[in-house]
Amino acid sequence: MIDIRFGRETCGSLDQAAEREWLVTDGLGGYAMGTVAGLRTRRYHGLLVVADRPPIGRMLGLASLDPVLVVGDRRVRLATHEWASGAVDPAGHLELATFDLSDGVPRWRWAFGDVVVEREVAMAHGAPAVGVVHRVVRATGPARLELAALCSWRDVHGERFADGDPPVEVVADGFVFEGAYRVAAPGTRLQLGGSWFRGVR
């Protein structure tokens, strides 16, 4: 298997990092897919795409997990989103030090001052399940991560429009979104809430 690695020169350039895509599959027709920058440039991009009607029927579930690094009173948003206006906010790719793909596992490392945060994504083979691990790899002082789950349940070929709050059921160590899939977050404090992302591309 070929290992791929990009440094800050590529990762920090939205044009370059958004052109480079990664893909991890579950062996059933489902996948996780996105860009090095974390910017979703296709309807098909997301962390959990389930093959519910193989070979062509797929549903996008977990679109993104947006990490926020909290260091003291500073909050650094590490995600990257583009809006209908063309604005990019947040622009987490600017803090992205490296991206590598090794043994089929994509790994991002953001560096902010002396703090390094890492994310890895892997899929379970033979099951519609994805594992996303975030960790603070290095910090000389207190640092913590917050994650915001951007959830949906739509055909990958279609769009979803705000139409009231989606049903979310709290379960042990996580929640179930619209009765379609479970987001597990063991050992974390869960706070449900949120709003539609209106105007996101």
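Structure notes:
- Extreme residue, farthest from residue 60 (Cα to Cα), among residues of region 180-199 that are open to solvent by less than 70 Å² (accessible area, probe 1.4 Å) and over 17 Å from the mean Cα position of the chain (by Cα): 199
- The one condition in (1) in contact with a Ser or Thr (Cβ under 9 Å, 6 or more places away or on another chain); (2) open to solvent by 40 Å² or more (accessible area, probe 1.4 Å) that residue 167 fails to fulfil: (1)
- For residue 122, the conditions (1) part of a strand (DSSP E or B); (2) more than 19 Å from the chain's Cα centre (by Cα) all hold with the exception of (2).
- Of the residues contained in region 34-41, one or more are found to be within 24 Å of residue 160 (Cα to Cα) and exposed (fewer than 15 other Cβ atoms within 10 Å of the Cβ).
- Count of residues meeting criterion [more than 22 Å from residue 78 (Cβ to Cβ), part of a strand (DSSP E or B) and in contact (Cβ under 8 Å) with a residue 12 or more places away in the chain] in region 134-174: 5
- Top-ranked residue in region 48-61 [being among the hydrophobic types (A, V, I, L, M, F, W, C) and open to solvent by 10 Å² or more (accessible area, probe 1.4 Å); ranked as nearest to residue 132 (Cα to Cα)]: 48
- Extreme residue, nearest to the chain's Cα centre (by Cα), among residues of region 62-86 that are open to solvent by 50 Å² or more (accessible area, probe 1.4 Å) and farther than 23 Å from residue 158 by Cβ: 77
The values are calculated or read from the model by the stated rules, or taken from the named source; none is laboratory data. All of these numbers come straight from a predicted model, not from anything done at the bench. For neighbour counting, all protein chains shown are included, and Cβ atoms are generated from backbone atoms with ideal geometry for every residue, glycine included. With ligands, DNA and RNA removed, areas are computed over all heavy atoms of the protein, side chains included. Shrake-Rupley method; radii C 1.70, N 1.55, O 1.52, S 1.80 Å.
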